[in-house]
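Each reported figure results from applying straightforward, stated rules to the coordinates on display, with no laboratory input. Just so you know, these numbers come straight off a predicted model, no measurement behind them. Because the Cβ atoms are built from the backbone with ideal geometry, glycine has one as well, and the counts that use them run over all protein chains shown.
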Amino acid sequence: MNRRFYGNADCCVAISTMIKEQLVAWTQHAVPVIPSAMSNFSPNMHVAEQFRTRYPERFIVGHIGALVDRHKGQRVVLEAARQLQKSHPELLFVFFGKGEDEEALQQESEHLSNVVWAGFHPNIGDFIPALDLFVFPSRNEGLGSVLLDVMQAKVPIIASDVGGIPDLVHQNNTGVLVEANNATALKDAIIQAKNNHKASTAMAENAYSRLHMYSPQAMAESYHHIYHKLAK
């Protein structure tokens, strides 16, 4: 089906280098890469400030995504939280989202005093600035466009080195990449990010400076260029 669907297209567009590598096997045409655009939200800082007041003197490590472990890897975060619960009690792991594994994940983390399930919020962009660190240990990912929203809020990122994520997170430049499915590697990266605030802030600033490449205008112009070529 994929070969027929993509093979008959006049042009296939990939949102990441990883997806491009898949598409080139199904089409004879060149495959341009046009990443998803950031949402370009304007956060309500009052919401973020109110959220932070709930957890005074805590270093908030956030995760946003559908609660589907086989995709987003929430159990990797929970294992890192378990390893850090006694040694770093100031760390607080906050999960935003809902999904098919929600009940099971909450039950599995009942013994963890450093885990909070914050639920689904349609205005999630208002909460991102409240985070000290964002972790994204996906087991597979086409791109991970939520990372663009986190970058816009200048929150440091640790993500797994899979799929299209390395297109956005450049190792030790715009964030930190760790091996997928490796809770110990994630734990170590979290400790390093917390202890080296200067380096984490610098990477977040670097990520923010690249966001013009992922603006809605940049995406629209790229597609307009393709449509114009096809229409000739």
Revision key, fill the gap. Candidates 69, 132, 188; GNM for the chain (alpha-carbon contacts under 10 Å) flags as most fluctuating 188
Point to revise | For the chain, alpha-carbon Rg over 2.2 N^0.38 Å | key: 1.08
Exercise for review: With a/c under 1.5 counting as rounded, go ahead and sort region 97-172 into rounded, prolate or oblate using the C-alpha gyration tensor (a ≥ b ≥ c being the square roots of the eigenvalues; past the cut-off, prolate if a/b is larger than b/c, else oblate).
Suggested key: prolate
Point to revise | Sorted by Cβ density within 10 Å, fewest first, the residues 148, 230 | key: 230, 148
Study note, to complete from the structure: Cβ-Cβ cut-off under 12 Å around residue 164, Lys and Arg +1, Asp and Glu -1: the net charge is -3
Check your understanding: If you build a Gaussian network model of the chain, linking Cα atoms that sit under 10 Å apart, which residue out of 142, 62, 73 swings the most?
Key -> 142
Point to revise | Shape of region 152-223, Cα gyration tensor, a/c cut at 1.5 | key: oblate
**Study point:** Calculated [θ] (222 nm, deg cm²/dmol) that DSSP helices of n ≥ 4 give over the chain, each run adding -39,500 (n - 2.57)
**Key:** -11500 deg cm²/dmol
Point to revise | About the Cα centre, charge dipole magnitude for region 81-193 (Lys/Arg +1, Asp/Glu -1 at Cβ), debye | key: 280
Point to revise | Relative exposure of 4, 139, judged by other C-beta atoms within 10 Å (fewest first) | key: 4, 139
Practice item. Please give the length that would be gained between residue 28 and residue 230 if that part of the chain were fully extended, namely 0.36 nm times their separation in residues minus their C-alpha to C-alpha distance (nm, one decimal). Key: 71.2 nm
Review point. Do you know the relative contact order of the chain, to the nearest whole percent, from alpha carbon pairs under 8 angstrom that are 6+ apart?
Key: 21
